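Notes to accompany the following structure.
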Amino acid sequence: MGDIAQSTADTIVENAEEINQFVKYFQGKVPSVLDFGLKIIIVLVAFLICRKIIQFLLKIMGRSFERTGMEAASAHFTLSVIQAIMYIILAAILATFLGVEGTSVAALIGSMGVGIVLALKESLSNIAGGFILLFMKPFVSGDYIHEDTNGNEGTVVKIDLFYTTLLTVDNRTVCIPNGIMTNSSLTNISRQDKRQLREKVSISYRADIEQAKNTLRVILDEEESILKEEPIEVVVDSLGDHGVILAWHAWVKPQDYFPTKWRITEEIKYKFDAQGIEIPYQQLEVLVRGK
């Protein structure tokens, strides 16, 4: 019994010593933990305050860009670049405050830069494309453009750090990488103050060609959006498999292109039906021979 009591007493003493050592270790670390926790709180508060300041500065710069007459898409892209730089500088300052050495921060930023270059080559090409669009200005905000690679078209809303945003005529938002915009051909429809409507309509071989051409001329003359000072042409374009192809050409303002096209197409159907001018359609004739 004496041995058991002695062993139990020794175990209790050892446990007490271990607990005492743990308490001393914890008490020694408490100041540093509290200090680090306080720094974290200060960093979070500083980040929130600096974010508000950055947003305020960006608003001021945006208004100054408007006063100087900078194009909207260029101003938006410039502000995106400045915002990214500001946040990188802020992150470096806060890391230094937390105890990270300045050389380590610089090395970290450098290594991150190398990693980003290797991992985001396509994204970097988009950033470079944004700078090209900013300085070369093949289009500006508000222009209606057609991107030939993928067939996207619409009104330019803005040019961001990575993407150019278009708004289509049916109110869809299309985001195209800047790299594609600079590495493919595109058509700026709004760059000129007028645009030519070039459309075709087919009539039956039995129809009177002159009657159809005169009807088309009347429709074009009556359309208010057609620029009357510009030439209007109605010609026989070709002889198709199912009918005679008539082509008509007229000039309109760029913003009137689609509404005018739709109105004239509808009016052609009404006028041709009223005058008995047949618009042919593809059909199959089956001849059954008797014995």
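The values are calculated or read from the model by the stated rules, or taken from the named source; none is laboratory data. Everything numeric in this text was worked out from a predicted model, so none of it was measured. So basically every Cβ, Gly included, is an ideal-geometry build from the backbone, and we count neighbours across all protein chains shown. Calculation scope for accessible area: heavy atoms of the full protein, side chains included, ligands and nucleic acids excluded. Shrake-Rupley method; radii C 1.70, N 1.55, O 1.52, S 1.80 Å.
Worth a mention:
- Using a probe of 1.4 angstrom and keeping all protein chains present, the accessible surface of the stretch 250-291 works out to 83 square angstrom per residue.
- To put it simply, the accessible area of the stretch 159-219 at a 1.4 Å probe is 48 percent carbon and sulfur.
- Förster-model FRET efficiency, 25 Å R0, E233 and E278, C-beta, rounded to 0.05: 0.65
- Rounded to 0.05, the FRET efficiency of the F135 and K269 pair, given R0 = 51 Å and the Cβ-Cβ distance, is 0.60.
- Where N is the number of residues in the stretch 175-291, Cα Rg divided by 2.2 N^0.38 Å: 1.42
- Using a simple spin-label model with pseudo-atoms 7 Å out from Cα toward Cβ, T68 and L90 lie 2.3 nm apart.
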